[in-house]
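Report on one structure; see the data block that follows.
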Amino acid sequence: MPESGSSAASRQAKQKRKSHSLSIRRTNSTEQDRSGLQRDMLEGQDSKLPLSLRSNLLDLFSQIEREFENLYIENLELRREIDTLNDRLAAEGQTFEGADLAKGALKTKASHSTSQLSQKLKTTYKASTSKIVSSFKATTTRAVCQLVKEYAGHRDGIWDLSVTRTQPMVLGTASADHTAMLWSIETGKCLLKYLGHQGSVNSIKFHPTEQMALTASGDQTAHIWRYMVQLPTPQPVADISQTPCEDDVDFSDKDDADGEVEGPNDCPSIRVATTTLRSHQGVVIAADWLVGGKQVVTASWDRAANLYDVETSELVHSLTGHDQELTHCCTHPNQRLVVTSSRDTTFRLWDFRDPSIHSVNVFQGHTDTVTSAVFTVGDNVVSGSDDRTVKVWDLKNMRSPIATIRTDSAVNRISVSVNQKIIALPHDNRQVRLFDMSGVRLARLPRSNRQGHRRMVCCSAWCEDNATCNLFTCGFDRQAIGWNINIPALLQEK
């Protein structure tokens, strides 16, 4: 008489339980044999560890081994499943590819089934593929960042730096110690010190064609002063090993002790400005030359930006509209355009190309203080903010950014290289990161107890005409640093 369905099912369940119990017995017996073997090994080995501690260690290692064994078995099963899915996908693709076109419903069903299999395969492969791609990136040509020179001599934090646009090529720094300094890029020697301000020097910019500097200060003024420097004989650069600009560098959060840096004793100084610009009722936080160098613009905590005539030092325009203190201003290298940044989370574009019409556009792309906004040689504006983002905008259509870079720290005064169009991001957390204009991260400058900044990095500036250093950074650790950055073209195209 044939068995009923219920009795057959019960018999199968009993057989499964029986086989499971047998496997457990086998496992237990195997583990007992293994533990006995381990005890024999312990007794036969000479060690200063207590027997109980050694036994516990061996038990732990045995558990780890079993975990790896289970993972290995699971991996084999997943591989077999992937092979099966691949076979099914290939078979269905062949079957329905040659099917009758009139069978629309059948084709739809096949397409749906195939897409499900494809998605399943993508999900299965996703983690391993990401790891493979990461390993490929690690072995391809990498960006190389080399610390070339340190410029130490200020007695307080350095807010801003800039490089001259004409020969002789020197580095300028603006510091909270009420001074601005000019440095030899190759030797790191101080060439000139400006002592004309009565407050913190917040920015420094050089005239496009003449040996003139423009500095903004907390004493509510901006100064224009002429300089003449004699470059010292270049010395051989110390052999510094090239450091890959990646995350495998030892980054330490330990603050180094701030030793008293001895200022340059033999550095000549200037105490009187050629022109003093007075109109602001608050700290002048930044200043820049308009194209041609006949006018300058200043940005102040009095919520206004002023446009001055250099020859007469007269106020030409007062640019008002920001709701809070200004943080930065920048001029376009080739056109009469000005961009101002503010704590009101906006930046404004001022257009002076038409003398009769001075238009202004307000951009609200950030959620916190806009620390800086700068022009590129093309038709882009790049803005950085305390909201930890950097955004790239197209001047022809600035309704929304064309790229957004999200970081883990507030961004300070950014700069964009002219030739390679690489954005250098100085951060509050002492890091400096490099991105391309599409928002792809290219590198992070090395920072450890031996090199890099030990405090907040305030500003970055590119200088691609110099063979020794092509990027400069400064911070509140009282020093500026010259870097040699080599970004392979292949890496930029990724």
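The values are calculated or read from the model by the stated rules, or taken from the named source; none is laboratory data. Please read all numbers here as calculations on a predicted model, not as lab measurements. For neighbour counting, all protein chains shown are included, and Cβ atoms are generated from backbone atoms with ideal geometry for every residue, glycine included. What goes into the accessible areas is simple: the full protein's heavy atoms, side chains included, and nothing from ligands, DNA or RNA. Shrake-Rupley method; radii C 1.70, N 1.55, O 1.52, S 1.80 Å.
Assess whether ARG336 counts as being of a type outside the set (Phe, Trp, Tyr) and surrounded by fewer than 19 Cβ atoms within 10 Å (Cβ to Cβ).
On the way: of a type outside the set (Phe, Trp, Tyr): yes; surrounded by fewer than 19 Cβ atoms within 10 Å (Cβ to Cβ): yes.
Spelling it out, ARG336 is indeed of a type outside the set (Phe, Trp, Tyr) and surrounded by fewer than 19 Cβ atoms within 10 Å (Cβ to Cβ).
When SER342 is tested against the conditions (1) open to solvent by 10 Å² or more (accessible area, probe 1.4 Å); (2) in contact (Cβ under 8 Å) with a residue 12 or more places away in the chain, the lone failure is (1).
Have a look at LEU121, LEU106, LEU78, LEU53 and point out the one that is part of a helix (DSSP H, G or I), open to solvent by less than 70 Å² (accessible area, probe 1.4 Å) and either of a type outside the set (Gly, Ala, Ser) or modelled with pLDDT of 80 or more (or both). Result of the check over LEU121, LEU106, LEU78, LEU53: LEU121.
Does ASN429 meet the test of being open to solvent by less than 60 Å² (accessible area, probe 1.4 Å) and over 28 Å from SER342 (Cβ atoms)? No: the conditions fail for ASN429.
Determine, yes or no, whether SER400 is more than 26 Å from GLU186 (Cα to Cα), without any contact (Cβ under 8 Å) to a residue 60 or more places away in the chain, part of a loop (DSSP other than H, G, I, E, B) and in contact with a strand residue (DSSP E or B) (Cβ under 6 Å, 6 or more places away or on another chain). Here the answer is no, as SER400 does not meet what is asked. With (1) in contact with a Lys or Arg (Cβ under 7 Å, 6 or more places away or on another chain); (2) of a type in the set (A, V, I, L, M); (3) surrounded by fewer than 18 Cβ atoms within 10 Å (Cβ to Cβ) as the list, and ILE402 as the residue in question, which single condition is left unmet? The failed condition is (1).
What's the total number of residues in the stretch 366-381 that are among the polar types (S, T, N, Q), free of Cβ contacts under 8 Å to residues at least 60 places away in the same chain and assigned to a loop (DSSP other than H, G, I, E, B)? Total meeting the criteria: 2. When VAL418, VAL382 are screened for being more than 17 Å from the chain's Cα centre (by Cα) and closer than 16 Å to ALA461 by Cα, only VAL418 passes. Just give me the residues in the stretch 350-376 being open to solvent by less than 70 Å² (accessible area, probe 1.4 Å) and closer than 23 Å to PRO426 by Cβ, in sequence order. The answer is PHE363, GLY365, HIS366, ASP368, THR369, VAL370, THR371, SER372, ALA373, VAL374, PHE375, THR376.
Only one residue in ARG413, ARG455, ARG406, ARG388 is basic (Lys, Arg), touching a Ser or Thr at 6+ places or on another chain (Cβ under 8 Å) and within 20 Å of LEU171 (Cβ to Cβ). Which one? Unique residue meeting the criteria: ARG413.
Selection over the stretch 141-177 of residues that are of a type in the set (A, V, I, L, M, F, W, C), open to solvent by 10 Å² or more (accessible area, probe 1.4 Å), under 20 Å from VAL416 (Cβ atoms) and modelled with pLDDT of 95 or more gives a count of 2. Screening GLN335 on (1) under 14 Å from ALA222 (Cβ atoms); (2) within 31 Å of the chain's Cα centre (by Cα) shows it passes everything except condition (1). Cβ separations smaller than 6 Å between residues 6+ apart or across chains give the following pairs from the stretch 412-438 residues that are within 17 Å of LEU161 (Cα to Cα) and modelled with pLDDT of 95 or more to residues that are open to solvent by 20 Å² or more (accessible area, probe 1.4 Å) and assigned to a loop (DSSP other than H, G, I, E, B): PRO426/ASN412; ASP428/MET456. Just so you know, in the stretch 311-365 the residues that are among the small types (Gly, Ala, Ser), within 18 Å of ALA287 (Cα to Cα) and in a strand (DSSP E or B) include one that is modelled with the lowest pLDDT, and it is SER318.
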